[in-house]
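Below you'll find the structure, written out as structure tokens, and then a few comments.
The values are calculated or read from the model by the stated rules, or taken from the named source; none is laboratory data. None of the values given here were measured: they were computed from a predicted structure. Don't worry about glycine lacking a Cβ; one is built from the backbone with ideal geometry, like all the others, and counts go over all protein chains shown.
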Amino acid sequence: MAKGMIALSTVFVITPFSTLYKYLSVPVPTIRIKRTKVANRSEVSVGDAIRFKFPTDDRPAVLIHLEPGEYKYGDYRNESQVKVLNNDEFVAYDTICTHLGCPSNWKSSAKELPCPCHGAAYSAIDGTVLKGPPPRALPKIKLDIDDNGDIYAVGYESGLPLFGMESIAFEEETNE
Ligand code: FES
């Protein structure tokens, strides 16, 4: 009898909470990332960059054709390091600064992405913070280059969430 009463009271206690949770929990908004053609290799000279929009039609991003050489990387508040690129390489970033949302640029002479608002700069190799107040790295976009040299943005390698879109989840397109 006592056992039956405990079981019954458990049902009354647990059921309202689980029902409440079901009604209160809001599904996370998700954007399905579309494989997006950015350019062909031949269209971006070594050291140059082009702007594009990704993953939505109004979100600014940049594709950079890095020249071989030395690049700083690693959050300066821990320890910046230097990486040597022996070959040219393509990288891409979401350009919205993770500090307060200004657009950052590509500065080939400094081999970094500076943000004009409060003096920040990001690494061209991995988007880490080389100086200034940003709390985290720029999101690095995952690229796929096909046999024709066409370059596609397909997702993110690191650095999520996007500034201003913190509550949005991203789902990459699969080839299945
Ligand atoms: S918004 Fe970029 S450094 Fe402040």
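Just wondering, is there one or more residues in the stretch 67-75 that are modelled with pLDDT of 95 or more, under 20 Å from Asp126 (Cβ atoms) and either hydrophobic (A, V, I, L, M, F, W, C) or within 16 Å of the ligand (Cβ to nearest atom) (or both)?
no
For Asp88, all conditions in the list (1) surrounded by 20 or more Cβ atoms within 10 Å (Cβ to Cβ); (2) farther than 26 Å from Ile31 by Cα hold save one; what is the number of the exception?
Unmet for Asp88, out of (1) surrounded by 20 or more Cβ atoms within 10 Å (Cβ to Cβ); (2) farther than 26 Å from Ile31 by Cα: (1).
Return the only residue of Asp147, Asp126 being farther than 19 Å from Gly47 by Cβ, in a loop (DSSP other than H, G, I, E, B) and more than 12 Å from the ligand (Cβ to nearest atom).
Result of the check over Asp147, Asp126: Asp147.
Go through the stretch 1-53 and count every residue that is farther than 30 Å from Glu67 by Cα and either at pLDDT 70 or above or in contact with a Gly (Cβ under 9 Å, 6 or more places away or on another chain) (or both).
So the count comes out to 6.
Step by step: first the residues of the stretch 77-118, then only those that are of a type in the set (Gly, Ala, Ser) and more than 10 Å from the ligand (Cβ to nearest atom), then the one that is farthest from Arg35 (Cα to Cα). Which residue is that?
Top of the filtered list is Ser80.
Specify the residue that is nearest to the ligand (Cβ to nearest atom); the eligible residues are those in the stretch 129-143 that are assigned to a strand (DSSP E or B) and buried (at least 21 other Cβ atoms within 10 Å of the Cβ).
Val129
State all residues of the stretch 30-53 that are of a type in the set (A, V, I, L, M), surrounded by fewer than 16 Cβ atoms within 10 Å (Cβ to Cβ) and not in a strand (DSSP E or B); if no residue qualifies, say none.
Within the stretch 30-53, just Val46 meets the criteria.
Please find, among Glu157, Glu166, Glu171, the residue that is under 24 Å from Pro55 (Cβ atoms), among the charged types (D, E, K, R) and within 16 Å of the ligand (Cβ to nearest atom).
Residue meeting the stated conditions: Glu166.
List the pairs whose first member sits in the stretch 113-127 and is at positive phi and modelled with pLDDT of 95 or more, whose second member is more than 13 Å from the ligand (Cβ to nearest atom) and assigned to a loop (DSSP other than H, G, I, E, B), and whose Cβ atoms are under 6 Å apart, counting only residues at least 6 apart or on separate chains?
Sorted first by the residue in the stretch 113-127, then by its partner, the pairs are Gly127/Gly159.
Might you let me know whether the stretch 109-123 holds any residue that is touching a Gly at 6+ places or on another chain (Cβ under 7 Å), over 20 Å from His65 (Cβ atoms) and assigned to a loop (DSSP other than H, G, I, E, B)?
Yes, the conditions are met somewhere in the stretch 109-123.
Working only within the stretch 77-86, note down all residues that are at pLDDT 95 or above and part of a loop (DSSP other than H, G, I, E, B).
Correct list: Asn86 only.
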